[in-house]
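> Can you keep this structure in mind? I'll have questions shortly.
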Amino acid sequence: MTYFKLPSGLRDILPQESARLDQTEEVLRKKFKEAGFSSVRTAGIEYYDTFACIKSSVPQASMFKMTDKDGNLIVLRPDMTLACARIAATKLRDGKAKLCYFSNVYDFSASGNSDREVAQAGVEIFGEDGAESDADAVAFAIGCLQAAGLKNFMVDIGHVGFYKGLLEGSGLTEEAAEEIRGYINAKDAVNTEIALRENGANERAQAAILALPSLFGDVRILKEAEGLTDNAMALSALKHLQRVYDCLKKKGVEKYVSFDLGTVKSLSYYSGMVFTGLAAGVGAPVLSGGRYNDLCAQFGRDLSAVGFAIGLMRVLRAQEEETGC
Amino acid sequence: MLNVALAKGRLADSCADIFMKCGIQAQVLKEETRKLVLETPDKSFKFFFVKPSDVPTYVEYGIADIGIVGKDTLLEAGADLYEMLDLKFEKCKLCIAGFPEKKEMLSAPHLRVATKYVNTAKKLFFSRGEDVEIIKLNGSIELAPLTGLSDVIFDIVQSGGTLRANGLVVLDEVFDISARLVANKVSLKTKAAEILPLISEMKKYIG
């Protein structure tokens, strides 16, 4: 061999950059510890079935798959939230837990703006529910980004219940709803409209769903959205977000917060509030998380949960943007 | 400052017109130049000239905050970005075309399709439950059925002139295409104060 290369989507981190990564990890470790989180290290390789049999957000094609000695299909850990939920549901005794981790996750299909090996730092809070708990998680996320040296960032909040609520009684099939979800996620109003018409959604639902791509901005959009529907689930999602915002305001961090009701991620384990951290100059989110109250039950124990993961390499890029070097 | 990715050529010209109507000092776009990066005199906009198929890439990575590109290119790129506005110019259609007698062959068990839109064609025929052989070409797609390389082609049709001149007809109109304004998913939020007023201004001038 005249040269030794890495497969595509992977990279080595050399001393200079590694030192900066260490520094950021150090800051976050301290922050997590002060807030009462205990660190876990989950297995790097798991059974494929663990991720395939539950309603999760990991598509089959995005997992690194191998075969174990006994013929079982195994995968490189694709997601830390799933791993932590599995641990909390099957291995911890308390009804409450605050876990944190510094781990890599692997994405087989990654292309474009992402890597196949992603260094993450994250927290998962089990056994707490409600607007206050959601606000705590968001405020802590803001605190973590600040501790990592970022100033020019925001946390964009949505709620999966709003879209779900609009779908109820819209007359759309599950398949059509999934197609339209893709268009809404891309804020593609043209195709959203065509698909709604072709699939014969009722008029009120059509108008409300069509408004979704433009329902983002500051807290005022929650009021605006209220007028679009009288579905109970959708309205309670809005009320919940308003309460989260009020809590965040009390904590004095509302200037970092914006809302987007058009964030409707693909089939995922999130059940309530979802949020992403956006830093100026970095084209993809530096942080993402949300509430997933139905996930642990699929691992055999009903636990409410909320958490988020920080993409460490993207935080480094955001730091570079801020310092201009 | 807002970074804008534009496709070189005719599309850039139409973009310059609509930008100027919106009060942007986009005259720079009209000047004959070989520069790849142009700034407006008031430094509020920076334009990058890229290949059409690279517009989604520049926007997805956030190097450009917004971009203007044809829907055909967006369909093919499948990039993760926001599609904010249908500008309704550069209209055309993505069609399946071929010799008229191929019409009843469209659901043949092994149709050979020549196209430069490989991903879009794959998705289209997959969604119709048809197995096809897709042959990737980079230009003069119409030549493929004439020479027997493929049964039909999958390509954009504007006036249909090239098709007619070669005895080909549109067999199936699949997608309506026009120019779209796209935005990076993060920029839309972090630069909302610059992007949103621009979009509502542009809406006024869409035909």
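Here, each number is a calculation from the coordinates, and none is a lab measurement. These figures come from a predicted structure and were not determined experimentally. Cβ sites come from the backbone with ideal geometry, for glycine too, and all protein chains shown count toward neighbours.
> What is the average number of partner chain Cβ atoms found within 10 Å of a Cβ in B:101-112?
0
> If the only charges are +1 at each Lys and Arg Cβ and -1 at each Asp and Glu Cβ, what is the size of the charge dipole of the range A:108-215 around the Cα centre, to the nearest 20 debye?
Values: 7 positive and 18 negative charges, 84 e Å.
Around 400 debye, computed over the range A:108-215.
> On a full-extension model of 0.36 nm per residue, what is the gain between B:SER44 and B:HIS110, subtracting their alpha-carbon distance, rounded to one decimal in nm?
18.4 nm is the gain from fully extending B:SER44 to B:HIS110.
> Additional query: Could you list the square roots of 5 times each eigenvalue of the Cα gyration tensor of the range B:8-143, that is, the equivalent ellipsoid semi-axes, sorted largest first and rounded to whole Å?
Taking √(5λ) for each eigenvalue gives 36, 15, 13 Å, largest first.
> How far, in nm, would the chain grow between A:LYS96 and A:ARG197 when pulled straight, counting 0.36 nm per residue and subtracting the alpha carbon separation?
Here the answer is 31.7 nm.
> Compute the angle between helix A:189-198 and the longest alpha-carbon principal axis of chain A, please, reported from 0 to 90 degrees and rounded to the nearest 10.
For A:189-198 against chain A, the angle is about 60 degrees.
> What residue among A:ARG77, A:ARG220, A:ARG314 has the largest mean-square fluctuation in a Gaussian network model of chain A, using Cα springs under 10 Å?
A:ARG220
> Placing +1 at every Lys and Arg Cβ and -1 at every Asp and Glu Cβ, with all other atoms neutral, what dipole size does the protein assembly as shown have around its Cα centre, in debye to the nearest 20?
The calculation lands at about 900 debye.
> How large is ³J(HN,Hα) for each residue in the range A:173-181, as worked out from phi by the Karplus curve 6.51 cos²θ - 1.76 cosθ + 1.60 (θ = phi - 60°), to whole Hz, x for Gly and Pro?
Taking θ as phi minus 60°, the curve returns 6, 4, 5, 5, 4, 5, 4, 5, 4 Hz for the range A:173-181.
> For the residue pair B:LYS123 and A:GLU178, what label-to-label distance in nm results when each label sits 7 Å from Cα along the Cα-to-beta-carbon direction?
Distance between the two pseudo-spin positions: 1.5 nm.
> A further question follows. Measure up A:LYS164/A:LYS249; B:LYS123/B:LYS204; B:LYS35/B:LYS91; A:LYS265/B:LYS203 against 30 Å on the Cα-Cα distance and list the ones that go over. Each step should come with its number before you reach the end.
Details: A:LYS164/A:LYS249 27 Å; B:LYS123/B:LYS204 34 Å; B:LYS35/B:LYS91 28 Å; A:LYS265/B:LYS203 28 Å.
Violating the 30 Å Cα-Cα cut-off are B:LYS123/B:LYS204.
> Just want to confirm a number: the relative contact order over the range B:64-146, from Cα pairs under 8 angstrom separated by 6+ residues, in percent.
In percent, rounded to a whole number, it is 28.
> Karplus couplings for the range B:86-103 from phi (6.51 cos²θ - 1.76 cosθ + 1.60, θ = phi - 60°), rounded to Hz, Gly and Pro as x?
Each residue's phi maps through the Karplus curve to give 8, 7, 6, 10, 6, 6, 7, 10, 8, 10, 9, 9, x, 5, x, 6, 7, 3 Hz.
> In square nanometres, what is the average projected area of the Cα convex hull of chain A?
It is 19.4 nm².
> OK, next. Placing one identical point scatterer on every Cα of the range B:115-207 and ignoring solvent, what is log10 I(q)/I(0) from the Debye formula at q = 0.10, 0.16, 0.20, 0.25 Å⁻¹?
-0.45, -0.80, -0.97, -1.34
> Ordered by packing density, taken as the mean number of other Cβ atoms within 10 Å over each peptide's residues, highest first, how do B:34-45, A:145-156, B:51-62, A:93-104 rank? Spell out each step's value before the answer.
Details: B:34-45: 12.2, A:145-156: 19.1, B:51-62: 21.2, A:93-104: 16.4.
For the peptides B:34-45, A:145-156, B:51-62, A:93-104, the packing ranking is B:51-62, A:145-156, A:93-104, B:34-45.
> May I pose another question? Taking the range A:27-152 as the region of interest, what is the percent of Cα-Cα pairs per 5 angstrom bin, listed from the shortest bin to the one with the maximum distance?
In whole percents, the pair-distance histogram is 2, 9, 17, 19, 20, 16, 11, 4, 2, 0, 0.
> Taking a ≥ b ≥ c as the square roots of the eigenvalues of the Cα gyration tensor of the range A:236-325, is the shape rounded (a/c under 1.5), prolate (a/b larger than b/c) or oblate?
Values: a/c = 2.27, a/b = 1.45, b/c = 1.57.
It comes out oblate by the Cα gyration axes.
> If you take the Cα atoms of the range A:81-172, find Rg, then find the Kirkwood Rh from the mean of 1/r over all pairs, what is Rg/Rh? Don't jump to the answer; show the numbers that get you there.
Values: Rg = 16.8 Å, Rh = 16.4 Å.
Rounded to two decimals, Rg/Rh equals 1.03.
> Something else: Provide a whole-number value for the mean count of partner chain Cβ atoms within 10 Å of the Cβ atoms in peptide B:58-65. Display every interim value, and only then the final one.
Numbers: counts 1, 1, 5, 5, 7, 2, 1, 1.
Mean inter-chain Cβ contacts per residue within 10 Å come to 3.
> Skipping prolines and chain starts, which residues have an amide H placed within reach, meaning under 5 Å, of the one on B:LYS116, given they are 5 or more residues away or on another chain?
Amide H neighbours of B:LYS116, under 5 Å, 5+ apart: B:LEU137.
> Report the label-to-label distance for A:ASP302 and B:LYS136 in nanometres (one decimal), using points 7 Å from each Cα along the Cα→Cβ vector.
Once both label points are built, they end up 5.2 nm from each other.
> Any idea what the relative contact order of chain A is, in percent, if you count C-alpha pairs under 8 Å spaced at least 6 apart?
The value is 22 percent.
> Moving to a separate point now. For A:ASP79, what residues show an amide H to amide H distance below 5 Å, using hydrogens built from the backbone and excluding near sequence neighbours?
A:TYR106
> Under a point spin-label approximation (7 Å from Cα along Cα-to-Cβ), what is the A:LEU6-B:GLU32 distance to one decimal in nm?
4.8
> Based on alpha-carbon centroids, what's the gap between the range A:69-144 and the range B:188-207 in Å, whole number please?
Centre-to-centre distance over Cα atoms comes out at 37 Å.
> Which entries in the list A:LYS96/A:LYS255; A:LYS31/A:LYS239; B:LYS8/B:LYS136; A:LYS255/B:LYS191; A:LYS98/A:LYS251 go over 25 Å, if you measure between the two C-alpha atoms of each?
Values: A:LYS96/A:LYS255 31 Å; A:LYS31/A:LYS239 31 Å; B:LYS8/B:LYS136 23 Å; A:LYS255/B:LYS191 15 Å; A:LYS98/A:LYS251 21 Å.
Over 25 Å Cα-Cα: A:LYS96/A:LYS255; A:LYS31/A:LYS239.
> Two decimals is fine: what's Rg over Rh for the range A:142-261, C-alpha atoms, Kirkwood radius as Rh? Could the numbers behind the result be given before it?
Working: Rg = 15.9 Å, Rh = 15.3 Å.
Across the range A:142-261, the Cα-based Rg/Rh ratio is 1.04.
> Scan the range B:85-150 for chymotrypsin sites (Phe, Trp or Tyr not before Pro) in coil per DSSP, keeping those whose Cβ has at most 15 other Cβ atoms within 10 Å, and list them by number.
Values: sites: B:PHE89, B:TYR117, B:PHE125, B:PHE126; in loops: B:PHE89, B:TYR117.
Taking the range B:85-150 and a limit of 15 other Cβ atoms within 10 Å, no loop chymotrypsin sites (Phe, Trp or Tyr not before Pro) are found.
> What's the exposure ranking of B:LYS204, A:LYS69, B:LYS123, going from fewest to most Cβ atoms within 10 Å?
Listing B:LYS204, A:LYS69, B:LYS123 from fewest to most nearby Cβ atoms yields A:LYS69, B:LYS204, B:LYS123.
> Continuing with this model, one more query. How long are the semi-axes of the equivalent ellipsoid of the range A:171-325, defined as square roots of 5 times the Cα gyration tensor eigenvalues? Whole Å, largest first.
28, 20, 18
> Using the alpha-carbon atoms, what tilt in degrees (0 to 90, nearest 10) does helix A:312-323 show relative to the longest principal axis of chain A?
Relative to chain A, helix A:312-323 is tipped by roughly 80 degrees.
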